[in-house]
Amino acid sequence: MRFWKKLSFSAKKNLDDPPKSSAVESAKIEKKLGYKFNNRSLLELALTHPSYNLKKSAEPNNQRLEFLGDSILGAILSSELYELFPEQDEGALSRKKAIFARGAHLAELASSLELNNYIKMSHSERSNDGHLRLSTLEDVMEAVIGAVYLDGGYHKTMECLLRWMGNLKSRLEMQKGIFNPKGRLQEFIQSQKEKESIKYLLIHEKGPGHARQFVVELRIGENKVAEGTGKTKKDAEEKAAEYALKILSEKK
């Protein structure tokens, strides 16, 4: 809720020309990030939306930094989750990583750092609330991660990222229900007039022992709704629940 309030408040600002870069503005952003750049041109580039230089196609924007930041983000999350959950397998770690790497989470992170107030983009893009678009905020967050990496290295980037995100274990605990597709599907079915039962049927196993794949069929009542494939039966059930939720939401 706080995320959307923040976006709503920010929408009242900066609807005119894109913000102009200056040492003062850079210092403000660095204070928000808790990181002082040695090369501030990297910060400026990270905040430059492709629309800003649309008429000059050769001019740089933040897309390359976004590409780099996405990989660095993945490496840091993988390393941290590996250390935090030594008892969990690859599938469980991947699901946890996906929670933190998803677009909505990165957009929320960018908003909490107020990066949307400093994005350089075309007047038309900004006037259409482009600086509040989730995909734009996600891209900027990844680009800033890439910029910090190039400027300060891997360990400094890890330090910054984990500070921005906060305690990963606590956040996972808070959001457990939100990212549990089987639980969400159960709640959805219970909210309907006809409360039919949900069944997960293992219909196929394939592949050698070290790379086993499980295929699960999900039925609501007597109707087959979706299938899911995973490295464990649990993974396959969760995939099937995700697909079922998507199908049911499209029918509403």
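The values are calculated or read from the model by the stated rules, or taken from the named source; none is laboratory data. These figures come from a predicted structure and were not determined experimentally. Here Cβ is always computed from backbone atoms with ideal geometry, including for glycine, and neighbour counts include all displayed protein chains.
Residue pairs whose Cβ atoms lie under 7 Å apart, sitting 6 or more positions apart in sequence or on different chains, and linking a residue in the range 159-181 that is at negative phi to a partner that is surrounded by fewer than 13 Cβ atoms within 10 Å (Cβ to Cβ) and modelled with pLDDT of 80 or more, are 160/34; 163/34. Is it the case, given these coordinates, that residue 93 is surrounded by fewer than 21 Cβ atoms within 10 Å (Cβ to Cβ), in contact with a Leu (Cβ under 7 Å, 6 or more places away or on another chain) and free of Cβ contacts under 8 Å to residues at least 60 places away in the same chain? It is true that residue 93 is surrounded by fewer than 21 Cβ atoms within 10 Å (Cβ to Cβ), in contact with a Leu (Cβ under 7 Å, 6 or more places away or on another chain) and free of Cβ contacts under 8 Å to residues at least 60 places away in the same chain.
In the range 46-153, counting only helices (runs of 4 or more DSSP H) that sit wholly within it, the ones holding 3 or more residues that are in contact with a Gly (Cβ under 9 Å, 6 or more places away or on another chain) and over 30 Å from residue 228 (Cα atoms) span 63-84, 134-152. Among the residues making up the range 206-235, those that are polar (S, T, N, Q) and out of contact with any strand residue (DSSP E or B) (no Cβ under 6 Å at 6 or more places or on another chain) are 223, 232. Scanning the range 68-116 for residues that are among the small types (Gly, Ala, Ser) and either farther than 19 Å from residue 149 by Cβ or touching a Cys at 6+ places or on another chain (Cβ under 7 Å) (or both) returns 91, 92, 94, 98, 103, 104, 107, 111, 112. Of a type outside the set (Ser, Thr, Tyr) and modelled with pLDDT under 90, is that true of residue 110? The answer is no for residue 110. Within the set 195, 234, the sole residue that is in contact with a helix residue (DSSP H, G or I) (Cβ under 8 Å, 6 or more places away or on another chain) and part of a loop (DSSP other than H, G, I, E, B) turns out to be 195. Annotation for the range 161-173: no member residue is within 23 Å of residue 39 (Cα to Cα), in contact with a strand residue (DSSP E or B) (Cβ under 6 Å, 6 or more places away or on another chain) and not small (Gly, Ala, Ser).
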